[in-house]
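Working notes for the structure below.
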Amino acid sequence: MKCKQVQEMLPLFAGRDLEENRAKLVTAHLQSCGVCSRAAQEYGEAGQLLQMFEPPQFSEAMYTGIRQRVLREIDRKSVTPTMFESISSLFRPPLRLAVAASLLLAVSVLALYFVINRNGGRQNQTVVVETGGSGQRKTPDLQASPEPRPENLATTANPKRSATDLTTFSSRSRKSRFRPSQKRTGATNAELVATRSVDPPQPNISLKSPDTPAEALRMEMQTQDRNIRIIWFSQPTKEGSPSESSKGI
Amino acid sequence: MALALEIQLPVNALTQNQQSLIHLIERAASGDTAAFEQIMIHSQQRVMSMTWRMLGNEADARDASQEVFLRVYKYLGRFKQDQDFFAWLYTITVNVCRDITKKRQQHGERFTSFTAGAGEETLDVLDNSESVDQTLVHTEQRELIARAMATLPDKERASIVLRDIEGLSTHEVAIILKSSSTTVRSQVSSARKKIKLYCEHYLRRKGAGTSHEV
């Protein structure tokens, strides 16, 4: 065995912590090596010094003082539990589980309530965004009415086209939905109807024709592109004057 | 007022002593403070020695011992009868000392030397069987080893105190320190090496100083 290996094992050898077979090898080496033997002796001396590492003699009064302080603290805690202890005493294992379960249930119910309400609100929202000639966006209108899904694109150039090809929206509340737009000039004005509805609405084919010549006719057609809707309406006309129609895309 | 008395008992008495200790523990766990005081009397010297060796001064050792007994009372309900009570006590003591050391470090305090106050106390009391020279040598050696211990990290100090001074086995020390036997052996080996090198260095310097004086 080499001196370097023996020197590494000497600390454990000195404290009799080395395995038996290794201890025998170290012992054999020490018998023939003066340097390692001297090192082993020094470890032994340091170990003996360590046994002298005793604390000073503490007085009985000191021990009595410690005991009294401890007992006083125990009495104090037993009479007045800390706030933490009183709160934590509520959370005994069975009660703790019950409280946790009820909290979880309450949170789940609240979350479900908000999710349902949010979805229900979406269905009823129709945002009408008008952009004028200057490109300024006007404030959107909200109307509580279901929106039919666009089935096909219908042209508005020929109002004689069959109504079955059209997906229209009835103008129930003209005041809330219909904005009397100004005279439009060509494609510069665009009227967009954006919807937030997720559910596929049923196609609502209806063409409301004015009962009297005084009522305006309005037709809205949703294209396949959800963001594009074509609105066609005519303003009420006086007798003899040609009807004004406008088309917005 | 209770008296503290520690007597070396034969093995048979130790077994009986253990049984009486278990009985005391049961009573203390149910809230009997008189029984708990008996437990404290039985173990106060051991706890105080351990805390002094870990922390280095009487004031900290006293505070630590107090905290140890408070924790023992608090967690007495968790103590199992098949456990070794003193091993459990040592575990609590080591943890308390570690917490105090951490708090010290957070406040920027360095490890207090063991020599603070120790030398004065020993010089006050001279053993009649020893000569003055022998006492001085004794004191010097104790201070030397105290300084060497102060240089050790907490874990190594705890390992070597439990293994070499308290006389526990490597396996018992591993249980107390919640470590493995291999780790404990490594820590003990490292601690012994450092102590030996420190003493060697000190004696070499002292020898060089003496030769200069001559």
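The values are calculated or read from the model by the stated rules, or taken from the named source; none is laboratory data. What you see is a predicted model, and the numbers here were worked out from it, not measured in a lab. No Cβ is skipped: glycine too gets one built from the backbone with ideal geometry, and neighbour counts run over all protein chains shown.
Can you tell me which of (1) at the interface with chain B (Cβ under 7 Å from one of its Cβ atoms); (2) within 30 Å of B:Leu70 (Cβ to Cβ); (3) not hydrophobic (A, V, I, L, M, F, W, C) is the one A:Asp75 doesn't meet?
(1)
Identify all residues within region B:167-188 that are within 11 Å of another protein chain (Cβ to nearest Cβ) and in contact (Cβ under 8 Å) with a residue 24 or more places away in the chain; write none if there are none.
Of everything in region B:167-188, those that are within 11 Å of another protein chain (Cβ to nearest Cβ) and in contact (Cβ under 8 Å) with a residue 24 or more places away in the chain turn out to be B:Val184, B:Gln187, B:Val188.
Taking region B:72-88, which residues are buried (at least 17 other Cβ atoms within 10 Å of the Cβ) and within 14 Å of chain A (Cβ to nearest Cβ)?
B:Val72, B:Tyr73, B:Leu76
If I filter region A:52-74 for residues that are part of a loop (DSSP other than H, G, I, E, B), among the small types (Gly, Ala, Ser) and modelled with pLDDT of 90 or more, do I get at least one hit?
Yes, the conditions are met somewhere in region A:52-74.
Considering only region A:27-36, I want to know if a residue exists there that is modelled with pLDDT of 90 or more and either in contact with a Phe, Trp or Tyr (Cβ under 9 Å, 6 or more places away or on another chain) or at the interface with another protein chain (Cβ under 7 Å from one of its Cβ atoms) (or both).
There is at least one residue in region A:27-36 that is modelled with pLDDT of 90 or more and either in contact with a Phe, Trp or Tyr (Cβ under 9 Å, 6 or more places away or on another chain) or at the interface with another protein chain (Cβ under 7 Å from one of its Cβ atoms) (or both).
Kindly evaluate A:Gln68 against the criterion of being more than 9 Å from chain B (Cβ to nearest Cβ), free of Cβ contacts under 8 Å to residues at least 12 places away in the same chain and closer than 30 Å to B:Met40 by Cα.
In short, yes.
Here is a check on your reading of the model: is B:Ala28 within 11 Å of chain A (Cβ to nearest Cβ), under 20 Å from B:Trp88 (Cβ atoms) and at pLDDT below 95?
The answer is yes for B:Ala28.
Would it be correct to say that B:Gln134 is surrounded by fewer than 15 Cβ atoms within 10 Å (Cβ to Cβ), at pLDDT 55 or above and part of a helix (DSSP H, G or I)?
yes
From (1) at pLDDT below 90; (2) surrounded by 17 or more Cβ atoms within 10 Å (Cβ to Cβ); (3) not aromatic (Phe, Trp, Tyr), pick out the condition that doesn't hold for B:Glu67.
Condition (1) is where B:Glu67 drops out.
If you go through region B:84-103 one residue at a time, do you hit one that is hydroxyl-bearing (Ser, Thr, Tyr) and at pLDDT below 90?
Yes, some residue in region B:84-103 is hydroxyl-bearing (Ser, Thr, Tyr) and at pLDDT below 90.
Could you identify the single residue in B:Thr122, B:Thr115, B:Thr51 that is at pLDDT below 80 and closer than 23 Å to B:Ile160 by Cα?
Answer to the check: B:Thr115.
Can you tell me how many residues in region B:43-57 are surrounded by 19 or more Cβ atoms within 10 Å (Cβ to Cβ), part of a helix (DSSP H, G or I) and more than 7 Å from chain A (Cβ to nearest Cβ)?
6
Being within 18 Å of B:Leu162 (Cβ to Cβ) and not β-branched (Val, Ile, Thr) is the filter; apply it to region B:58-70 and report the residue that is nearest to the other protein chains (Cβ to nearest Cβ).
Only one residue tops the list, namely B:Ser65.
Being crowded, with 16+ Cβ neighbours inside 10 Å and assigned to a helix (DSSP H, G or I) is the filter; apply it to region A:26-43 and report the residue that is nearest to the chain's Cα centre (by Cα).
So the residue we want is A:Tyr43.
Going by what's in this entry, would B:Lys193 be described as on the phi > 0 side of the Ramachandran plot and of a type in the set (D, E, K, R)?
Answer is no for this residue.
With respect to the numbered conditions (1) within 10 Å of another protein chain (Cβ to nearest Cβ); (2) at pLDDT 80 or above; (3) assigned to a helix (DSSP H, G or I), which one is the sole condition not fulfilled by A:Leu97?
(1)
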